[in-house]
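Read the structure below first, then the notes.
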Amino acid sequence: MVEKKTALITGGSGFVGTNLTQRLLGLNYRVLSLDNFYSSDSENTELFTNNPDYSFICHDVRRPLPVKEKVDMIFHLACPASPPVYQKDPLFTLETAVLGVQNVLKLAQKNNCPLFFASTSEIYGDPLSHPQKETDWGHVNPIGPRSCYDEGKRIGETFCREYARLGVDVRVGRIFNTYGPFMNPKDGRVVSNFINQALAGKPLTVYGKGEQTRSFCYISDLLDGILAVINLGKSNFGPFNLGNSEEVTILKLAKTVLRLVPESKSKIKYLLLPIDDPRQRRPSLRKAVKVLRWRPKVSLEQGLEKTVSFFKKNEKRFL
Ligand code: UDP
């Protein structure tokens, strides 16, 4: 019998972590999940506790990781990632990003195993070039309200690069806006805000005039992308943009959500645009398509329908 592989997921109870856990268990991996529930929900871990291939450690990645067993691959997702949440305690966010990545890199070095580092489109800041290519250096305010996250992830990439030079097999994925089941409806991201506002009959809060754009990737496509990165035969640092290139204005997103929840009586309410909110964002997928042979399959409309139906089905837990 072939021995099952063990995947360590930091941030395993978050939105991406929960979906990745589900996917990997379905693919016959053992999953060791690690989280401190700072921005995630402990109920997400309860989904898996009866599975003998799942184990969980409550741990803060700012401290060295207490992982004694051998792991075959690591997915480093742990970090608050929604703007209102990562701005709540900027020093905590910075420390999580800067100390967490070092602790995880050291563990990958010890295990001699591949590591997927969850970087972000925020690397590009308020981008000057469009769509964003992996070769773009970004346009980031180093002292603004978003910088604890943006700069934290940028220095994370730098740590990854330097450990890669020392021989650690680290691979970097720059994750663009992603949505789907198990988003935390209270973390203030636009898709979960709009859907839950529409379902509750509350106004949809569009920031600014809603002219800013984003490109939203459905979670199953993102997981395919992350797995394509970790399964690359030989070590390949990347970085790889992982996102969907279907770009929409936030106002159009609000109108689409209202159309998909026809029973809703919600209207649109315009609020102030947050400081340093990027005006546009869309990944160039040329490199991902060429090297990973991956591209997203789920359209925004299809993904939103699935997400609306998830929140409706789980109304008691999430609303
Ligand atoms: N946004 C909005 N209403 C909300 C939440 C967010 O209009 O209730 C806007 C936000 O200003 C940004 C975009 O939606 O332009 C995406 O925001 P999110 O926080 O989801 O992620 P970001 O891409 O900014 O990291």
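Below are the figures for this structure:
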| quantity | calculated |
| --- | --- |
| Condition broken by Asp89, with the remaining ones in (1) in contact (Cβ under 8 Å) with a residue 12 or more places away in the chain; (2) of a type outside the set (S, T, N, Q); (3) farther than 22 Å from Tyr163 by Cα satisfied | (1) |
| Positions within region 263-319 being in a helix (DSSP H, G or I), open to solvent by less than 30 Å² (accessible area, probe 1.4 Å) and farther than 26 Å from Leu47 by Cβ, in sequence order | Ala288, Leu292, Leu300 |
| Any hit, region 68-77, residues being in a loop (DSSP other than H, G, I, E, B) and either of a type in the set (Phe, Trp, Tyr) or under 16 Å from the mean Cα position of the chain (by Cα) (or both) | yes |
| Options Ile9, Ile57; residue that is under 21 Å from Phe310 (Cβ atoms) and modelled with pLDDT of 95 or more | Ile9 |
| Failed item, numbered, when Lys106 is tested on (1) of a type outside the set (S, T, N, Q); (2) open to solvent by less than 30 Å² (accessible area, probe 1.4 Å); (3) part of a helix (DSSP H, G or I); (4) away from the ligand (no atom under 16 Å from the Cβ) | (2) |
| Residue within region 256-268 that is within 30 Å of Pro145 (Cβ to Cβ), within 15 Å of the ligand (Cβ to nearest atom), of a type outside the set (S, T, N, Q) and under 20 Å from the mean Cα position of the chain (by Cα) present | no |
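The values are calculated or read from the model by the stated rules, or taken from the named source; none is laboratory data. The model shown is predicted, which means the values in this text are computed figures rather than measured ones. Heads up, the Cβs are rebuilt from the backbone with ideal geometry, glycines too, and the neighbour counts pull from every protein chain shown. These accessible areas exclude ligands, DNA and RNA; they are computed on the full protein's heavy atoms, side chains included. Shrake-Rupley method; radii C 1.70, N 1.55, O 1.52, S 1.80 Å.
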